[in-house]
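Scroll down for the structure; my scribbles are underneath it.
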Amino acid sequence: MFRWLIFGVCALNILVATPTSQEFLQCNAIFESRKAEIAGQLQKLQERAQTLQTLQNETQNLLDRRNAKVSAREKALDAKLKELETKEADFKKAQAESEKKMKDLIAKNEQLLKEIKEASTSKVATTYAKMKDSKAAPILQDMPIDKAATILSKLEAKDMGKILAKMDPAKAASLTEMLQKGPPFIAPPPPPPPKPKNEDEE
């Protein structure tokens with residue numbers, strides 16, 4: 001405050017009156033001292049600004065490095081996720097193809113077994129067709145009804161009629177009814193066993 005007062009007085013003296021050499025030197029000294037003070041403050045401000053700028057640059061560099069790491073990690077995770085999705089899709093595709101091949105193979109095997117069974121039944125039927133009806137009838141009569149119907153269905157109508165005529169009428173009727181329904185021939189379930197008698201009923 002005192003310096004500013006002296007500075008004001010000096011300036012007023014310069015404006016109002018012609019200063020002496022001593023006064024001029026004093027004012028000049030005050031100017032120089034103030035100039036040095038201002039220069040020092042400016043230097044401090046510049047150093048402070050430079051420090052702040054350096055800190056800001058380091059902070060920005062740190063953020064950039066962290067962002068780069070996060071971005072690289074996200075890209076790696078995305079690539080891994082896509083790789084897993086591709087593997088999952090390939091696995092599902094391979095599984096579907098394997099299931100289809102398995103189903104096709106099962107269907108072919110079933111068809112082959114069916115053809116073998118039909119061929120075997122046809123051979124058996126041919127054998128029965130060559131037999132006399134009096135010999136074929138009791139054999140077929142003792143067979144399960146579904147198997148007997150399968151063999152009879154492969155015979156010609158006249159041979160079938162001859163064999164059925166030699167069978168027990170009840171069995172022949174059951175076979176005729178089953179043959180009319182057509183294949184597949186399924187044997188009826190066995191009758192339930194008789195209930196045991198209670199001692200009270202005896």
Linear extension gain, Asp146 paired with Glu115, 0.36 nm per residue minus alpha-carbon span
9.4 nm
What does the charge add up to near Thr86, with Lys and Arg as +1, Asp and Glu as -1, over the other residues with Cβ less than 13 Å from its Cβ?
0
In angstroms, what radius of gyration and Dmax does the range 44-202 have, counting Cα atoms only?
41.3, 132
In whole Å, largest first, what are the principal axis extents of the Cα atoms in the range 54-128?
109, 7, 6
In whole Å, what three semi-axes, largest first, describe the equivalent ellipsoid of the range 106-181 built from its Cα gyration tensor (square root of 5 times each eigenvalue)?
24, 14, 10
Going by average Cβ density within 10 Å per residue, which order do the peptides 70-82, 144-156 take, highest to lowest?
144-156, 70-82
How many nm separate the modelled label positions at Glu74 and Lys123, each set 7 Å beyond the Cα in the direction of the Cβ?
7.4
Rank these for me by crowding, Phe91, Phe31, Phe185, going from fewest to most other beta carbons within 10 Å.
Phe91, Phe31, Phe185
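Computed from the coordinates by the stated procedures, all read-outs in this text should not be read as laboratory data. In this text, all values refer to a predicted model and were calculated from it rather than measured experimentally. Cβ sites come from the backbone with ideal geometry, for glycine too, and all protein chains shown count toward neighbours.
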